[in-house]
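Structure record follows, encoded as C-alpha cells.
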C-alpha cells in the first residue's frame, strides 16, 4: 500500500507498521514532528544558519512573512487573533548541522500513567525520532525509565519497538530516575523524554520533554491529545479505538522473518567475557561474525534477561564495549579492520591492514575465532589486542600493525576507557603502569595480574602481593597448583578468585581465609571474572549463561533455556 505524499518523509520508519496503522497514525506523526522540528528552528545551535527551509508558525518577528505584516495594517483584529493562536507564519531557518554529533536518545516513561493515549503518542515519537536519527547519520537509542540506568537499547526499529512495547512498568518513574539515566550521557547526545504531565512538571528547565494528556473523548475513548514540548503545544488526533488497541498490543507491528542462517534472535552463546569496566558481557553468537551483548543488573529480579544480537561485517577476532559502543577487530577481504557499532570512536574506522601484517594467515584467523573471544582496548587513538600466544598488537592509523612489549592489559576503573592499565616487558625489564602505583617489577620473572584498579604479583604462583593505589600492600597465599582467574576487591579488601587443580573447584581467597564457590565449581569451562568489579559469569551444563556478585553471592542473571 502506497502512503500519502504527506507521510513520505517517514516511509522507511512507517514501513515497520501495518499500512492501516501507518495511515491511522499519520496525523499524530506529522503533529509530533512539527513540535520536535520547532525546537531546532527556535534554537539554531552550534551549526549556524544555512538559509531557509519553508515556513513555520514559530520564530522571531523579523522572520515573519511580509503578507502577515500587511495583514496587521489591513485587518489588525485578524492579525491579533492569529498572533494569540500562534498562527502567524514565519520563515523557517535551515540549520547547518555539524557532521559529528552523538546519538538520538529516547527515555520512555512506561508507567501506568502512560497507558493508552500516552503510549500512542510515544509510538509516534519513536517514528519521528527514528527518522531524525537517520537524517543526522547517527543511531537511535532507547531507555526505559524505571529499569537499570544506562541500559540503552540500540538496533533496528522493529527491535526497538519491541523493547519499548515490552517495557511496561508497574510503578511511576520520578525525576530521580531521569537524573540517574542522564547524568552520564555524552555531551553530543540528543536526549528526548517521553512522559505525561505528572513527571514533566517535575523536570523544570529540562529541554526536549514531550508530554501528552488526553483532551477529547468519544464513544471508544480518547480521540485527541494535547502534546507539548518545551512550551510549544498542539491538539492532535489519535488513531481510531480498535486499531489503537491492536497497536498497543503489538498486533500492528511488522516483523519480517529472518533469512535462513541469519537469525534475528540470539541463538547459542559461546565464550562469554567481561571485556571492559562496563556491566556488560560480550559473547560469540552462532557464527564467528556474531556478537551477543548482555547487561548485568545490579540486583536480581529486574525482569527478563535481554540479549542483543550484533552482526558484524566479518569474523570477529577481538571485541570490547567502550563507552556507548561496541568496537570489534574483524577480518574482511583478507584484511584486519575495526568496526564500531554505536557512536564513532576517533579514527578507528579508517584502520585496515592485511592479515599478514599481524603475523596471521586465514587459517590463523579461523583458529582464533574458534578458540574464544578476547578483549581489545583503546589507547591514545590506537587499538590494542592480543592474538596468538597472547602476544599484544597495536593497530594504528598511520603505521599499520605493530607488535608491542605488552604482557597484560586491563581497563581502568570507572568510565574512562582510553587509558587502560598495562604491564610491559621490554629491554629495561618489566614495568606496571597504573596511576599512583606505576613502577618496575622486580624480580622480572614475577607473574602480574591486573584487577580492580590494582595488581597482584607472585614469583612462585602461591604467595601473592596485592598492590592498590588506595590500600596498603597485602599478602595472600593460595593453594599450590591453583590458578588465579582474577583479582577483585570487597570494599578495600583484596580477594583472589582461584581454580584448583583440574579447574574443578573455585575459591575466593582472602588474607583472612578461603571460601569455596560451590555455585561456580564443576562447570564445563572456567568462569570469567570482571576486570574491575566483583562480578563472575559462566555457561552452565545446559549452555545457559549466568552471572553473579562475588561479594554478596547473589545470582544476578540466568538466561532462558533457549539461550
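Here is a yes/no grid of residues against (1) at pLDDT below 90; (2) surrounded by 20 or more Cβ atoms within 10 Å (Cβ to Cβ); (3) under 20 Å from residue 534 (Cβ atoms); (4) touching a strand residue (DSSP E or B) at 6+ places or on another chain (Cβ under 8 Å):
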{"site": "394", "(1), (2), (3), (4)": "no, no, no, yes"}
{"site": "410", "(1), (2), (3), (4)": "no, yes, yes, yes"}
{"site": "415", "(1), (2), (3), (4)": "yes, no, yes, no"}
{"site": "421", "(1), (2), (3), (4)": "no, yes, yes, yes"}
{"site": "433", "(1), (2), (3), (4)": "no, no, no, yes"}
{"site": "456", "(1), (2), (3), (4)": "no, yes, yes, yes"}
{"site": "461", "(1), (2), (3), (4)": "no, no, no, yes"}
{"site": "469", "(1), (2), (3), (4)": "no, no, yes, yes"}
{"site": "479", "(1), (2), (3), (4)": "no, no, no, yes"}
Checklist entry - Which of the residues that make up the stretch 108-124 are farther than 11 Å from residue 25 by Cβ and in a helix (DSSP H, G or I)? => result 112, 113, 114, 117, 118, 119, 122
Checklist outcome for this item: If we ask which residues in the stretch 481-503 are within 17 Å of residue 529 (Cβ to Cβ) and more than 33 Å from the chain's Cα centre (by Cα), their number turns out to be 4
Checklist outcome for this item: For the stretch 408-423 the number of residues that are in a strand (DSSP E or B) and either in contact with a helix residue (DSSP H, G or I) (Cβ under 8 Å, 6 or more places away or on another chain) or on the phi > 0 side of the Ramachandran plot (or both) is 0
Checklist outcome for this item: Picked from the stretch 190-225 (must be in contact with a helix residue (DSSP H, G or I) (Cβ under 6 Å, 6 or more places away or on another chain) and closer than 11 Å to residue 117 by Cα), the residue surrounded by the fewest Cβ atoms within 10 Å (Cβ to Cβ) is 221
Next on the checklist: For the stretch 197-210, which positions are within 15 Å of residue 129 (Cβ to Cβ) and touching a strand residue (DSSP E or B) at 6+ places or on another chain (Cβ under 7 Å)?
Outcome noted: 208, 209, 210
Checklist entry - Has the stretch 282-292 got at least one residue that is in contact (Cβ under 8 Å) with a residue 40 or more places away in the chain, out of contact with any helix residue (DSSP H, G or I) (no Cβ under 8 Å at 6 or more places or on another chain), surrounded by fewer than 18 Cβ atoms within 10 Å (Cβ to Cβ) and in a loop (DSSP other than H, G, I, E, B)? => result no
Item to check | In the stretch 286-303, the residues that are modelled with pLDDT of 70 or more and under 18 Å from the mean Cα position of the chain (by Cα) | outcome: 290, 291, 292, 293, 294, 295, 296, 297, 298
Checklist entry - Does the stretch 349-360 contain at least one residue that is modelled with pLDDT under 95, farther than 24 Å from residue 288 by Cα and surrounded by 15 or more Cβ atoms within 10 Å (Cβ to Cβ)? => result no
Checklist entry - So residue 475 clears everything in (1) more than 28 Å from the chain's Cα centre (by Cα); (2) more than 26 Å from residue 375 (Cβ to Cβ); (3) modelled with pLDDT under 95 except one condition, right? Which one? => result (3)
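Rundown of residues vs (1) crowded, with 18+ Cβ neighbours inside 10 Å; (2) modelled with pLDDT of 80 or more; (3) not in a helix (DSSP H, G or I), yes/no style:
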site	(1), (2), (3)
10	yes, yes, no
35	yes, yes, no
45	no, no, yes
73	no, yes, no
Next on the checklist: Can you tell me how many residues within the stretch 343-383 are out of contact with any strand residue (DSSP E or B) (no Cβ under 9 Å at 6 or more places or on another chain) and part of a loop (DSSP other than H, G, I, E, B)?
Outcome noted: 4
Checklist outcome for this item: Of the residues in the stretch 235-245, those that are surrounded by fewer than 18 Cβ atoms within 10 Å (Cβ to Cβ) and either at pLDDT 90 or above or in contact with a strand residue (DSSP E or B) (Cβ under 6 Å, 6 or more places away or on another chain) (or both) come to 235, 237, 241
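The values are calculated or read from the model by the stated rules, or taken from the named source; none is laboratory data. For clarity, every value in this text was computed on a predicted model and none was experimentally measured. Note that we place each Cβ from the backbone using ideal geometry, even for glycine, and neighbour counts take in every protein chain shown.
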